[in-house]
Amino acid sequence: GSTLLFGEALIHATGLIRSDRERVILIGGYTPTMFQAWNGQEPSPAFIERIPEHLKPLISGSDRWQWQRRSRPLDMQVETEEN
């Protein structure tokens, strides 16, 4: 068999199935930890309780927007290993 990976925006359409074989789709997604789940799509508190502490922000969105923005002027040189 074959595996095809594509962005989540494309899950709303498929190509024609030209055989009588079943087509399986696995859908996964990633959301940065500062974003919350949509209303009605939140993981249950019981599920979150079973997750290791270091993974909870990824699943629950508990980091919210507490991250600190890092910005620089466009003309500021970025430090690299070369300089």
Quickly run through region 21-55 and pick out the residues that are loosely packed, with under 10 Cβ neighbours inside 10 Å and of a type in the set (Phe, Trp, Tyr).
-> 30, 38
For region 13-43, which residues satisfy the criterion of being more than 15 Å from the chain's Cα centre (by Cα) and modelled with pLDDT under 70?
-> 13, 14
Mind counting the residues in region 73-83 that are modelled with pLDDT under 85 and not hydrophobic (A, V, I, L, M, F, W, C)?
-> 5
Within region 44-67, restricting to residues that are small (Gly, Ala, Ser) and closer than 28 Å to residue 10 by Cβ, the one that is modelled with the lowest pLDDT is 61
Among the residues of region 33-66, the number that are in a loop (DSSP other than H, G, I, E, B) and in contact with a Pro (Cβ under 8 Å, 6 or more places away or on another chain) is 3
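The values are calculated or read from the model by the stated rules, or taken from the named source; none is laboratory data. All values reported here derive from a predicted model rather than from experimental measurement. Don't worry about glycine lacking a Cβ; one is built from the backbone with ideal geometry, like all the others, and counts go over all protein chains shown.
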